[in-house]
1. From the list A:Asp152, A:Asp212, exactly one residue is without any contact (Cβ under 8 Å) to a residue 12 or more places away in the chain and over 20 Å from the mean Cα position of the chain (by Cα). Which is it?
2. Condition test on C:Leu309, is it part of a loop (DSSP other than H, G, I, E, B) and surrounded by fewer than 24 Cβ atoms within 10 Å (Cβ to Cβ)?
3. Which of the residues spanning region D:269-297 are in contact with a Lys or Arg (Cβ under 8 Å, 6 or more places away or on another chain), aliphatic (A, V, I, L, M) and farther than 16 Å from D:Leu173 by Cα?
4. Among the residues that make up region C:319-326, is at least one of them away from every other protein chain (no Cβ under 11 Å) and either in contact (Cβ under 8 Å) with a residue 40 or more places away in the chain or of a type in the set (Asp, Glu) (or both)?
5. Name the one entry in D:Thr9, D:Thr1, D:Thr66 that is away from chain C (no Cβ under 14 Å) and at pLDDT 90 or above.
6. Any residue in region C:41-62 that is among the acidic types (Asp, Glu), modelled with pLDDT under 85 and under 30 Å from D:Phe267 (Cα atoms)?
7. Please go through region D:215-237 and pick out each residue that is in contact (Cβ under 8 Å) with a residue 12 or more places away in the chain and of a type in the set (Gly, Ala, Ser).
8. Please work out if C:Leu260 is without any contact (Cβ under 8 Å) to a residue 24 or more places away in the chain and either within 23 Å of A:Ser235 (Cβ to Cβ) or over 18 Å from the mean Cα position of the chain (by Cα) (or both).
There are 4 protein chains.
Amino acid sequence: TRGGKVPVTLIRCDGYVCERESVEDGNIAFRGAATEQVMLVWNERPRTVLLLCKKDKSLLPTVLETAQNLMSNQSLRVIVEPFVQTEALAKGMNLEPFTRGDKLENEIDFVVCLGGDGLILHVSTLFANAVPPVICFNFGSLGFLTPFVYEDFDKEIESVIEGNLLMSLRMRLHCTVFSEAKPDREFHVLNELVVDRGASSYLSYLDCFCDDKYITTVQADGIIVSTPTGSTAYSMSAGGSMVHPSVPAILFTPVCPHSLSFRPIVFPDSARLRICVSQDSRAVSWASFDGKFRQQLRRGDGVLVQMSLYPVPTINKTDHTGDWFGGLSRAFNFNMRAQQKPLDKIDEKPRH
Amino acid sequence: TRGGKVPVTLIRCDGYVCERESVEDGNIAFRGAATEQVMLVWNERPRTVLLLCKKDKSLLPTVLETAQNLMSNQSLRVIVEPFVQTEALAKGMNLEPFTRGDKLENEIDFVVCLGGDGLILHVSTLFANAVPPVICFNFGSLGFLTPFVYEDFDKEIESVIEGNLLMSLRMRLHCTVFSEAKPDREFHVLNELVVDRGASSYLSYLDCFCDDKYITTVQADGIIVSTPTGSTAYSMSAGGSMVHPSVPAILFTPVCPHSLSFRPIVFPDSARLRICVSQDSRAVSWASFDGKFRQQLRRGDGVLVQMSLYPVPTINKTDHTGDWFGGLSRAFNFNMRAQQKPLDKIDEKPRH
Amino acid sequence: TRGGKVPVTLIRCDGYVCERESVEDGNIAFRGAATEQVMLVWNERPRTVLLLCKKDKSLLPTVLETAQNLMSNQSLRVIVEPFVQTEALAKGMNLEPFTRGDKLENEIDFVVCLGGDGLILHVSTLFANAVPPVICFNFGSLGFLTPFVYEDFDKEIESVIEGNLLMSLRMRLHCTVFSEAKPDREFHVLNELVVDRGASSYLSYLDCFCDDKYITTVQADGIIVSTPTGSTAYSMSAGGSMVHPSVPAILFTPVCPHSLSFRPIVFPDSARLRICVSQDSRAVSWASFDGKFRQQLRRGDGVLVQMSLYPVPTINKTDHTGDWFGGLSRAFNFNMRAQQKPLDKIDEKPRH
Amino acid sequence: TRGGKVPVTLIRCDGYVCERESVEDGNIAFRGAATEQVMLVWNERPRTVLLLCKKDKSLLPTVLETAQNLMSNQSLRVIVEPFVQTEALAKGMNLEPFTRGDKLENEIDFVVCLGGDGLILHVSTLFANAVPPVICFNFGSLGFLTPFVYEDFDKEIESVIEGNLLMSLRMRLHCTVFSEAKPDREFHVLNELVVDRGASSYLSYLDCFCDDKYITTVQADGIIVSTPTGSTAYSMSAGGSMVHPSVPAILFTPVCPHSLSFRPIVFPDSARLRICVSQDSRAVSWASFDGKFRQQLRRGDGVLVQMSLYPVPTINKTDHTGDWFGGLSRAFNFNMRAQQKPLDKIDEKPRH
């Protein structure tokens, strides 16, 4: 298997039992409905790393230095995006650029991200099928999905290569756009699909189906179909709950619904949801995928959404619950009060 | 096995595969983390039915008539609550009353409820371990969990006895009250555990732990720890999402939290949550279980909550998604508008 | 004063005292900050009516018949929109079309609307300054602002002409668009101004000022600045409170704000609010006015909003509180439960 | 008028006009429905100050020193609560204790509070009728209503005595408990009246009336009737909007309502609201007033709420809008994000 990904073993604990699963081709996928804590074990030392960074000139020296470090100190083959390779060449450094397709899917053992949360969404767009484990470093900014700090890079990378690390298998949604009743483009989203009214002043009229059965018609600014990872992104702004990344669920969160009685809904991961622009709609709607790739939907057009078999495995710093609550307070001031008031004697009252 | 429960087979489909599971002792339990649609197959004809009804004198003639019907037409052994037996005796009818303990757990093949949603909570309190399949009839009132109408009683009961029915396995929460650091009373709830400030005018100060790790301290009127079944009860009034009954999740919904940044959280079913009255709390708090059994919690006391292995299996009229959305619109006017306005030409605008 | 509007007297009761106010030119305006119930008294019999209807061909026979009725039976001069005049001519009927400007402002004594809520927004766009009293008839659809049913047309019109009627003085917002630091277009809105991200996938970054003092920067889908009348339109979908039409207030409701701690704000009617696209914004934003007249806002551009001196006086069927709650339950099923559950004995619990 | 309060002049600006109002008896009251910014002018130098503090032993040295300061440096007569007088006597210092009734109402020119927000609620309970201007100092804790820091005490007190200060006239609610159809106890609240289910597990069933007309029946944990000042206290936790203190309005905020379509309502200050325990209620309810004075309400009992004529005038540090937003960010982290993310190039997306 020279040149291919190294085989790995996953140890899955669902809260009931732990199971070892040998993944000979290195392609990490869901095997059942629910997943809990998963431990990564390399069956061979990893060979190839994809190094990603933000398109920010000021970061490039750090990126090239990091690439050199990974090659020299860890004997890893380093693959970069074309714009980094160009810069590296100008500095007399020879790095291997990736090309979409086989090399990425079949050779990358793990991914290193230098930058904010947005890079993980970028990883998701690069890998339509199995995604290698990803480790995310931040440079002081307060990312939700980036628990590792760059200062500890060497130590953390050694831990990764050693293995026996906990990972969150972050569910993705496989979205198929239907246009004139025919399947059109496909997307894999890590956060959410949004169908909204765009710049129209008319509400979206969206017919919603679950497992091919009609559920309801939503009149709203839009609908968010979100993964648990996306539950703390747009869905939360629209009133959705925060869903732990290991809950096997799909969130269905309306944006400014016209009906007072509409509430965000949490579906099981097995749900096949279909959102169609109603024939009664006065205007077109728009679909977007992790905030990008905006597509117009005409009356009758829609998007079919179901869980992707291929999650994005992100390496945990502590474990998936610890990292999650850490991210919540880091990025959202979750449940922080400016300062607890001391107990006082006379003016006790519940609030203020 | 004469006298015991009849063995059953469950066919579980989790959206990926379907599995047949032989349940020799008739005790339905979770075997894995997630459960999807489940089909009930009787390996033998069911023999014993528990007939439950509301404590409402005007219903008694109907109940006695129903009991007679089940005995005569279906040759079932009918067990009733003591207050019904007393009434039956006065009418010269001999019915078998249940006593807590072995007979219930080991002999009841299925349960028939005549009345509203509250009866299902009552079923849950009767069976601390495995719960037999339950079929719920309403008398015209608009229950959320009672999809069957009494008019069709004979036909529906024949379907039940025939088997091959879809069921929702409704998760329960196993709650252990800790008092002075020692485990005290235990409860199984189908809807929710609530810890609140009761009549105190001070906010509850509650230290919250997940899997023995400290998460956060909540200052609020209270906290609701809810099953998906309970997600449309108190949790929804407090702003929680509606969670489909087959999502393996535990809801953690604050009631009027002091912090603006607190949001309802959805945990995986494997989470072990512990809610303790903080040592900084100015007052005691109170725990209640499915709205009953109020317990005082002093500083340091708390409740440990985890998924019960034994769900309440409720028989579906259509399937679990169909019944669920039916219940939502029946009981909550979910997403109903008084009347859609016709398209008009001049005064088009998004709302009003 | 032949040809001008008839003078009226307003009797204002603010909950403390009632005051008679003689309005010689018939131009109804706010004279103080707060207004409560207002009674309309005609000092002379009204002479001129503006008859408005939806652009719906099927309605035209009814409209022409109504015009004939007002002319013949009530000796009123009837003015219509040009498209109605054209239709009338084709039927050999001579109706007077309006032209924007003096005639509308100076001669119309009251306005009759045949149709839904959207027509009142249309009235608001016709009258930039003083608006005559408006009576709104619905044809069976469930309008929020249209309490009168067309069946009672003759009786209701006679009441209007007689006077001594209660009115709601519905506040409008005067919006001035600023482009490159210069005032540009102006709008009077009865519901709301919205500044949003339109079709952009970037959040709006909006710097907000009150009375020229910087308040906060909002990252959100958008901001709604709404009147009390608009509080039950878009603002309510975004989580704003329902504000009684006689509260002298301006609502400031964020749409899907990024910060968890943002809440809808209610300002006094004297507040001068300015919403500007931040220099840090990644994209342009868009302003719309009662759901129309979409305007692009570049970085640094903004909208200044303050209360208009000229309200839209709508004639009440009962009084402003009665009409308001009537509209809420008619249009939104406000606080309706499908059916109250009867008291039951055994299965009492708080919810479900 | 020796011995009485000094006369003052109020300059009221409602956003339209400013009016000077001479208040000969020093009793500050509302004269109209709405109030905007109000400026305080002393017609004579103030003579008598009420000095209030928390019942906290560690504060007493500071309080006694402050009292000495006010007497010696400002020649003010200082009145204190009895528990402070007792402590002062033990230290050989002679301070005048207050007795409820005439002296408070007729002689106190202004009030100095040393401590948190709770003290202002205490001020409100001391003065059932006109309340003197109040200045609130905090000791480093983050009060919402206490903009002044104690370090600047001397300078701030001199400004107060000089006058020409802006004040917020904070509306209070006059609550009359009705028991068996007869008026019983009365309360003046600065934050809110709450009617709730207390320790009962049954929902409150509350019939609600506005100006003696039936509006709706609320099934909920409870109802909050709040002033604008109270809008950022309990009402906000229950989902109510933040209402600027100069909006003449009464908030009506349900706590965990059973109906999905219920929303918080904002009434005009002229509204007379009555909340009664429904005859259909299964249990008693409880009323509390600014979080205290818990009263049981039986079926048919209720509370009548209307605006009090006598506001609590609090002295502003900047002006009422500046102080309000200052308090919001100080006490609630209003609209704070941990850190704005810098603009990045590749991973642009709306959220996360």
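1. Just one listed residue meets the conditions, A:Asp152.
2. yes
3. Result: D:Val277, D:Ala283, D:Val284.
4. If we filter region C:319-326 for residues that are away from every other protein chain (no Cβ under 11 Å), which is where we start, we get C:323.
Filter once more, keeping what is either in contact (Cβ under 8 Å) with a residue 40 or more places away in the chain or of a type in the set (Asp, Glu) (or both): C:323.
Checking region C:319-326: at least one residue is away from every other protein chain (no Cβ under 11 Å) and either in contact (Cβ under 8 Å) with a residue 40 or more places away in the chain or of a type in the set (Asp, Glu) (or both).
5. Exactly one residue qualifies, and that residue is D:Thr66.
6. Among the residues of region C:41-62, not one is among the acidic types (Asp, Glu), modelled with pLDDT under 85 and under 30 Å from D:Phe267 (Cα atoms), which makes the answer no.
7. D:Ala220, D:Gly222, D:Ser226, D:Gly230, D:Ser231, D:Ala233, D:Ser235
8. Judged against the criteria, C:Leu260 is a match.
The values are calculated or read from the model by the stated rules, or taken from the named source; none is laboratory data. None of these values were measured; they are calculated from a predicted model. Glycine also receives a Cβ, built like all others from the backbone with ideal geometry; neighbour counts cover every protein chain displayed.
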